[in-house]
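To keep things clear, I will list the structure first and then write my remarks on it.
The values are calculated or read from the model by the stated rules, or taken from the named source; none is laboratory data. Note that the coordinates shown come from a computational prediction; the quantities given were computed from them, not determined experimentally. Cβ coordinates were reconstructed from backbone atoms using ideal geometry, including for glycine residues, and neighbour counts include every protein chain displayed.
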Amino acid sequence: MIRRAGLLLLVLWLGTVAGCTQRPGLLIGYLSGQPDSTLMAELVAETLRQSGARALTVGCPDLVNCGRRLQAGDIDMLPDYSGSARVFFSTSAVGDGSLDVVRQTLTPAGMTVTPGLGFRAPYVLLMEAEKALEKDVSAIEDLSRLENARFSVPAGYMRQPGDGLLALARRYGLDIRTDAVTEATSPSDRMAALLSGGTDVAVMRLPYVRSDMGLTVLADGLGFYPRYEATVVLGPRASPHRGFVESALEPLYGSLNPEEVERALHEIVIEGYDVETAARRLLVAEGILAADSPTMRRPEMVVAHTGVESLNPLSGQANLVLRRAYPERPVRMLSVASPLEALEQGWADLALVHTSDFFQLTPEGLFLGRVQHGEAIAAIGRRHFLLLLGGQASASDDPLAGRLGTPPGWTAGGKVAARMLVLAGYLPDVRSNGPDLVRALRNRELDAAIVLLNTDTREALQALPRDAPMLRAASLTEVLARAPFFVNESRLASSPVPGEDEPVDTYSMQVLLAGPAPQGRMGPVHGGPASAIATRNLPVPLREAEAIAAAVESPELPDPVLPSFRNRQAADHARLTESSWLETLLIVAGIAFMAWAGWLVAQPSAPRP
Amino acid sequence: MLLVALPMCAGVAAWGLGDPAGLADWAGNVTGAAFRALDWLYMLVVTGLLVLAAWLAIGRYGRIKLGRADEQPEFSRGSWLSMLFAAGMGVGLLFWGVAEPVLHFEGAPGPAPGSREAARQALTLTLFHWGFHAWAIYGMVALALAYFAFRRGSGYHPGAMLHEELSGWWVGTVAYIANVTAVVAIALGVAGSIAMGVFQLQRGLFVFAAVDPSSLTVSAWILAALVAAYCVPLVMPLDKGVKWLSNANMILALAVMLFLLLAGPTAFLMRGFVTAFGDYMNELAKMSFQLFTFHDREVAGWFQGWTLTYFFWWIAWAPFVGVFIARISRGRTIREFIVGVILVPTLFSILWFAVFGGFGLYEEMYGLGGVVTMVHHDVSIALFTLLERLPFASALNAAAMVLAFVFLVTSVVSAAFVLGLLSGPGSNPSWHSKLAWGFVLAALGAAMIVAGNIQAVRALSVLGALPFAAVMVLQVVVLLRALRADTAAPRDVEGGP
């Protein structure tokens, strides 16, 4: 009895506490297909969510529909511009669009507007600059000189009360034929129509207009358009939560500067980012949203690379590729001794490696086999080797017979150079980084050196005096009859040594993004409940690997000697379609067992004692 | 048997420590081959178990009591349900409550990922994995054990009933193998759960108190706390130790669920519950035979990775949960047993996933978002990060950690009890025996944590289920034979010896 009463009390208490903490649910309207409206709605929703509200954005086909839904209480609020709000909700003549006036106008209808968000987005009429110059049109009233002018306007704008196109025509006494007006929801469609000559005049919001587009903004000489300050119109449905909403939105008031909004719209319209991402980024940039708030706590993509080897600018390119493939995830470069081992251990999601990292090579150039930890996903670029000869070496000498330098033995370049020399029957005398080898060649301490053309080495070569570099580049492919199977012959368009402009034949290897290898792990370790903990050292899912590969601008595919996610796809397919003897045996055994079990059921039980 | 099972467990642990990748690869290859070759058979067997359970509950055998005719159940119905539920699924529900529906929402075959339809299907698929089929596996294994233990007095060993009902030169060998398989499967399966539970608690501490989520020292401390916690109930009689813990934890779980339901989008979650229930019932027959035969490779991979793996997990846990459920079910009729073991936990699972999974989906679709990304990043952190979005987040996270901890304790206590039962005489193992198995499980769990490779653990858990599935079929076979034989005599419906 006491226990039941205790349980009942617990339930009641929980119900009360939970009920008291129930967050308000708010519906925020926006104009579908209008990025500025969608962005504002998302900014408002995100800010409200930060205060604990449940905010949901609801799209409407046009302003008329949105306005009616707001008045009818289907939605709580509509982020909009003050001028539009006034002319729409008051149905009064176009006039002052200041927030105070708009607020006074809306109060009798049980509505209000919040303080401004900090930017304005007036409607503007745009013409292509050359056409405007040709037709001598610089203001809206000049449009009367334009015969049969074609207009491209937002959906619903033509008959929009107060500040719509027909209202504008009446005010300016323009003769606008409705059949010459095309409605296009997307601002980019209107802009495209204008730039392609498909229309003469386009109606846009100002933040979409960029100064470098060669467009003329027609002057509003009669002051037809009111002020369009970004604000939030609160409808009657929001009345019970008005205090909460106004206080929750406080960080937004006056905070959104026009440049940031323009940038966010550019991201959405031009770069194709989703509105949520752009809105969150904008809020973080404006200091309204903490970068580490739960919303922004995106798991980072950790990319392991060998810190001792300068991979610039390829590491930057890899970063860009990953940002394209994973726009939501920050990318962190992790410096480790062995990137592929870091994948195996689950310290990193991906690795930036050289082709040679897929093979076990000793600093002495011995080949011990393949590394099983990784599979290639995308080739980011190439690193070239270069054979440099000291000034004293003659063309007839064996260039490798003298004192020879290579990169340090622990680097990819050093291991591969050592392997090249082993195959040619030589050993390096000096191991050092590229700039040091260049210096040694110039000081005649070395006769030849095989260097990896990284940024440091290139800079060291470029710093040499053009008239007396004291060294020269030679063809590595001619000198080495055999090369490791994982390097490729390639040609440098011009020698990096100053004063030499002719091409140089050499060897190169790829720099790749690699993911953890499947290593024969099939079935239960792929996805599903089996992937509960160690999600990091599992192979990159095919869809993601394809996204990374697609994000690389270079058409070069990973070297065929490397294990690749594409091979995995083929291997998986083969495994699925070809039944091995073991599987056939299992099937036969399974059927036989079930038949036997059925026979056992059918048999009568032995009499019990 | 102990002399065979224990060295086997130790050998596996040593292999896992020495060459975790090699062990994982080997186990993965073997289980992969079985998945590809026998997925149709396992699906058929599991669905068959469900149909059989329904037939037994509805049919004339439903009135048969598991025990003497005048025998009363040892535990009250509430305690019975909470005990079997806590032992069977507790920590898993906590682990997957949020994560699984969210993962299906984004990656299951069928509707476009992230769509409204995908959200609806996500809950249905989750319920398919955690609903009737799962409990039918447990229920039928437990029923067979209970029937032979309480009506034939043959003990709880999986092999004992084979001895009892079958005859032939091969029976002794098969029974012995069945017993060893059961012990090894229990030990490895529960040790794996210990390792996974420790990882999850560590992630919880990371969210809660920013401790290092990958520090081995923290793992060691959590494991030590776990061992200290389950040693106490291990030395107490079952009805005091496990019952008290199970009841306390179920109340806390219900409280957290209720809070989530009321503080979250209540109407949405309740609608989700009704919709999910309806969709599940509607799709049950179709899903029970869905092998994605004519779909492409990725879909087949999804089916193996999720549905089939779940079935194997349930089968791997069946020898342990089955014995435990049988042990606490004396005095109930077959009908009551099946309703209690299959129907009630399934209904509770539906509510649980509708609340936790529904809340995750709601947050992804209409709330702060980012749940899918979070789950993809780390499944074990999903629950804690989602609870962070509710009022009293710290208290909720603390409650979730307590739940995970206690669910783990109850699982280990129950497993140690069952292992003690299987490795010794009588129906009440001594506290020495339970404690010894408790330490063995801790050692295995520690080995897996130190090895740091949970893949080997998972693959091995499934590997243990492969042979046990055959044992399970034989258990059902002998149950059917025994029911038919026993009901031929008038005394049998009245009660056993």
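Restricting attention to the range B:287-305, the residues that are within 30 Å of B:Leu403 (Cβ to Cβ), surrounded by fewer than 20 Cβ atoms within 10 Å (Cβ to Cβ) and free of Cβ contacts under 8 Å to residues at least 24 places away in the same chain total 0. B:Leu343 passes every criterion in (1) of a type in the set (A, V, I, L, M); (2) within 14 Å of chain A (Cβ to nearest Cβ); (3) in a helix (DSSP H, G or I) apart from (2). For residues that are aliphatic (A, V, I, L, M) and surrounded by 18 or more Cβ atoms within 10 Å (Cβ to Cβ), scanning just the range A:156-168, find the one that is nearest to A:Gln34 (Cα to Cα). Result: A:Met158. In the set (1) within 14 Å of another protein chain (Cβ to nearest Cβ); (2) in a helix (DSSP H, G or I), B:Arg389 fails one condition alone, (2). Within the range A:329-351, being within 14 Å of chain B (Cβ to nearest Cβ), part of a loop (DSSP other than H, G, I, E, B) and either in contact with a helix residue (DSSP H, G or I) (Cβ under 6 Å, 6 or more places away or on another chain) or closer than 17 Å to A:Val511 by Cβ (or both) holds for one residue alone: A:Ala348.
Condition (residue is within 15 Å of B:Gly340 (Cβ to Cβ), crowded, with 24+ Cβ neighbours inside 10 Å and away from every other protein chain (no Cβ under 12 Å)) applied to the range B:41-53: is it met by at least one residue? Yes, that holds for at least one residue.
Look through A:Met296, A:Met301, A:Met204 and report the one residue that is within 31 Å of the chain's Cα centre (by Cα) and modelled with pLDDT of 85 or more. Spell out how you get there, then give the answer.
Details: A:Met296 fails: modelled with pLDDT of 85 or more; A:Met301 fails: modelled with pLDDT of 85 or more.
Within the list A:Met296, A:Met301, A:Met204, the selection yields A:Met204.
Counting the residues of the range A:446-488 that are in contact with a strand residue (DSSP E or B) (Cβ under 6 Å, 6 or more places away or on another chain) and charged (D, E, K, R) gives 2.
Looking for something crowded, with 20+ Cβ neighbours inside 10 Å, in contact with a Gly (Cβ under 8 Å, 6 or more places away or on another chain) and under 22 Å from A:Asp179 (Cβ atoms) - is there at least one such residue anywhere in the range A:124-131? For the range A:124-131, residues crowded, with 20+ Cβ neighbours inside 10 Å, in contact with a Gly (Cβ under 8 Å, 6 or more places away or on another chain) and under 22 Å from A:Asp179 (Cβ atoms): present.
Any residue at all in the range A:494-517 that is buried (at least 21 other Cβ atoms within 10 Å of the Cβ), at pLDDT below 85 and within 12 Å of chain B (Cβ to nearest Cβ)? The answer is yes; a qualifying residue exists.
For the range A:352-373, the candidate set comprises residues that are assigned to a strand (DSSP E or B) and under 38 Å from the mean Cα position of the chain (by Cα); within that set, the residue that is surrounded by the fewest Cβ atoms within 10 Å (Cβ to Cβ) is A:Gly369. Taking B:Leu284, is it away from chain A (no Cβ under 14 Å) and either exposed (fewer than 15 other Cβ atoms within 10 Å of the Cβ) or not aromatic (Phe, Trp, Tyr) (or both)? So B:Leu284 passes the test.
Might you let me know whether the range B:296-314 holds any residue that is more than 14 Å from every other protein chain (Cβ to nearest Cβ), over 29 Å from B:Arg389 (Cβ atoms) and of a type outside the set (Phe, Trp, Tyr)?
Checked against the condition, which is being more than 14 Å from every other protein chain (Cβ to nearest Cβ), over 29 Å from B:Arg389 (Cβ atoms) and of a type outside the set (Phe, Trp, Tyr), the range B:296-314 yields no hits at all.
Answer yes or no as to whether A:Ala463 is of a type in the set (Gly, Ala, Ser) and closer than 24 Å to A:Leu314 by Cα. Yes: the conditions hold for A:Ala463. For the subset of the range A:9-45 comprising residues that are surrounded by fewer than 20 Cβ atoms within 10 Å (Cβ to Cβ) and more than 12 Å from every other protein chain (Cβ to nearest Cβ), which member is modelled with the lowest pLDDT? The qualifying residue modelled with the lowest pLDDT is A:Gly33.
Please state which one of B:Gly331, B:Gly322, B:Gly357 is surrounded by 24 or more Cβ atoms within 10 Å (Cβ to Cβ), among the small types (Gly, Ala, Ser) and within 30 Å of B:Leu479 (Cβ to Cβ).
On the way: B:Gly331 fails: surrounded by 24 or more Cβ atoms within 10 Å (Cβ to Cβ); B:Gly357 fails: within 30 Å of B:Leu479 (Cβ to Cβ).
None of the other options fit; the residue is B:Gly322.
Among all positions in the range B:415-435, there is no residue which is at pLDDT below 80 and within 11 Å of another protein chain (Cβ to nearest Cβ).
For the range A:62-72, state whether one or more residues are closer than 26 Å to A:Leu218 by Cα, modelled with pLDDT under 85, over 29 Å from the mean Cα position of the chain (by Cα) and not hydrophobic (A, V, I, L, M, F, W, C). Checking the range A:62-72: at least one residue is closer than 26 Å to A:Leu218 by Cα, modelled with pLDDT under 85, over 29 Å from the mean Cα position of the chain (by Cα) and not hydrophobic (A, V, I, L, M, F, W, C). Filtering A:Glu183, A:Glu229 for residues that are in contact with a strand residue (DSSP E or B) (Cβ under 9 Å, 6 or more places away or on another chain), surrounded by fewer than 22 Cβ atoms within 10 Å (Cβ to Cβ) and not aromatic (Phe, Trp, Tyr) leaves a single hit, A:Glu183.
Suppose the filter is in contact (Cβ under 8 Å) with a residue 24 or more places away in the chain, over 30 Å from B:Pro113 (Cα atoms) and not polar (S, T, N, Q); does B:Leu361 pass it? Spelling it out, it is not the case that B:Leu361 is in contact (Cβ under 8 Å) with a residue 24 or more places away in the chain, over 30 Å from B:Pro113 (Cα atoms) and not polar (S, T, N, Q).
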